[in-house]
1. Quick one: length gained pulling ARG36 to ARG88 fully straight, 0.36 nm per residue minus the C-alpha distance?
2. Determine ³J(HN,Hα), in whole Hz, for all residues of the stretch 83-99 in sequence, where each value follows from phi through the Karplus function 6.51 cos²θ - 1.76 cosθ + 1.60 and θ = phi - 60°; x replaces Gly and Pro.
3. Scattering from the C-alpha atoms of the stretch 31-98 alone, worked out with Debye: what is log10 I(q)/I(0) at q = 0.19, 0.21, 0.22 1/Å?
4. Rank these for me by crowding, TRP73, TRP96, going from fewest to most other beta carbons within 10 Å.
5. In whole Hz and in residue order, list the ³J(HN,Hα) couplings for the stretch 35-41 that follow from phi through the Karplus curve 6.51 cos²θ - 1.76 cosθ + 1.60, θ = phi - 60°; x for Gly and Pro.
6. Would you mind pulling out the separation of the Cα centroids of the stretch 74-92 and the stretch 40-58, in Å?
7. Enumerate the calculated ³J(HN,Hα) couplings along the stretch 62-70 in order (Karplus 6.51 cos²θ - 1.76 cosθ + 1.60, θ = phi - 60°), each rounded to whole Hz, writing x wherever the residue is Gly or Pro.
Amino acid sequence: MPRNNRPSRRASGQPDDEQNGLGRLLSGWKRVEQKRDGEWWVQPVGGSQAGKVYLCPGCRLDITPGVAHVVAWRADGLMGDDASLADRRHWHSHCWRLK
């Protein structure tokens, strides 16, 4: 059997995949974006993952199944992370860029 020379953990104690971005890739590249009204968590949703109809708050049109889009929620919400996550909204990618 071939030898694996990669250590299972780095000096920081995190697994390799957390440091090299694999964990970030698997979580959908969630990131924080700064908009005029504050900070927002933004996570892209690929077309193959979009299985429901959502109403875009930017244009008030449907986001149909199979259409890639983003999910956004407040990163600086006053009521805490759980309340912000519960208030997340699905946006067309171009509507989110215009926000």
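No value in this document is a laboratory result; all are computed from the given coordinates. For clarity, every value in this text was computed on a predicted model and none was experimentally measured. Note that each Cβ is placed from the backbone with ideal geometry, even for glycine, and that neighbours are counted across all protein chains shown.
1. Numbers: separation 52, 0.36 × 52 = 18.72 nm, distance 1.74 nm.
Between ARG36 and ARG88, full extension yields an extra 17.0 nm.
2. Running phi through 6.51 cos²θ - 1.76 cosθ + 1.60 with θ = phi - 60° gives 5, 5, 5, 5, 9, 4, 9, 9, 10, 4, 4, 6, 5, 5, 4, 7, 4 Hz.
3. The Debye formula, applied to the Cα set alone, gives -0.72, -0.86, -0.93.
4. On the way: TRP73 17, TRP96 22.
Going from least to most buried by this count: TRP73, TRP96.
5. Each residue's phi maps through the Karplus curve to give 10, 4, 9, x, 9, 10, 7 Hz.
6. 14
7. 5, 9, 7, x, x, 9, 5, 7, 10
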